[in-house]
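Readers should treat all values here as calculations from the given coordinates under stated rules, not as data from a laboratory. Values in this document were obtained by computation on a predicted structure and should not be read as measured data. Glycine gets a Cβ as well: all are built from the backbone with ideal geometry, and neighbour counts include every protein chain shown.
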2 protein chains.
Amino acid sequence: MEIRSKIWLEIDGETVFGSGRRALLEAIVIYGSINKAAQQINISYRKALSYIQSMEERLGMPLVNRKTGGKNGGGAVLTKDAEVFLKKYRLLEDGINETIDKKYSDIFGLENKSGKGV
Amino acid sequence: MEIRSKIWLEIDGETVFGSGRRALLEAIVIYGSINKAAQQINISYRKALSYIQSMEERLGMPLVNRKTGGKNGGGAVLTKDAEVFLKKYRLLEDGINETIDKKYSDIFGLENKSGKGV
């Protein structure tokens, strides 16, 4: 038996950030392009733009600076605000995952990792 | 902005327990009947039975003792094993929720609880 978890951030009941949007921003850092980042995480370019736009609107700050595009939609870099936000979210998500694993193993015991039984 | 989370337990990639199944077992404790418990959490009696059966199979232990039924499907009580399991899961889920809220407020700061901003 193993524990699984999912966290996300909401504003007024709407998702504003979670593991998918984290992956998108991280891929933009790596590939320097919204188009390549979208391909990498298996979403369309249009979907990526829509994620970015809704995140920027809901968080009230610019997240991605787009350079003048070529056929691949041009280059893109995260804003300083986006970097700070992403760093905080990583700290949150990774810290929570660690705590969850520890609590699970404290309460249910290591003997359950293999499969059945309480 | 606020944090949301969800945890669940899996065995071999299949969900074996989570907040819905927790609610079902807790409702059985309160109402003493699978049928009433199912109504209370807005699932069908058939669905409740299917949840119980799959949990019992995957966890490898009986969870619910059914008394001889009447028109409402008879009474039902949790087994001792189910009580122990439920207690552990509550401890896990409630403890995790508390930790998540604390980590969120440590990292993102209390000033964000009201809405927008990093």
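Quick one: if the Förster radius is 22 Å, what FRET efficiency do A:R90 and B:D12 give, using the C-beta to C-beta distance and rounding to 0.05?
0.15
Distances, shortest first, from the label point of A:G60 to those at the same position in the other copies read 5.4 nm; the point lies 7 Å along Cα to C-beta. Computed across the protein assembly as shown, the Kirkwood radius stands at 20.4 Å (inverse of mean 1/r, all Cα pairs). Total lysine pairs in the stretch A:8-108 at Cα distances under 26 Å, for residues eight or more apart or on different chains: 19. Against the empirical curve 2.2 N^0.38 Å, the C-alpha radius of gyration of the stretch A:8-108 lands at a ratio of 1.20.
Sorted from nearest, the other copies put their B:K88 label points 3.7 nm away, the label point being 7 Å from Cα in the direction of Cβ.
Take every pair of alpha-carbon atoms less than 8 Å apart whose residues are at least six positions apart; their mean separation over the length of chain B yields a relative contact order of 26 percent.
With the charge dipole of the protein assembly as shown set up from +1 on Lys and Arg Cβ and -1 on Asp and Glu Cβ about the Cα centre, the Cα lying farthest toward the positive end among the listed residues B:L59, A:V84, A:A48 is that of A:A48. Take the Cβ atoms of B:N97 and A:K67, set R0 to 45 Å, and the FRET efficiency comes out at 0.60.
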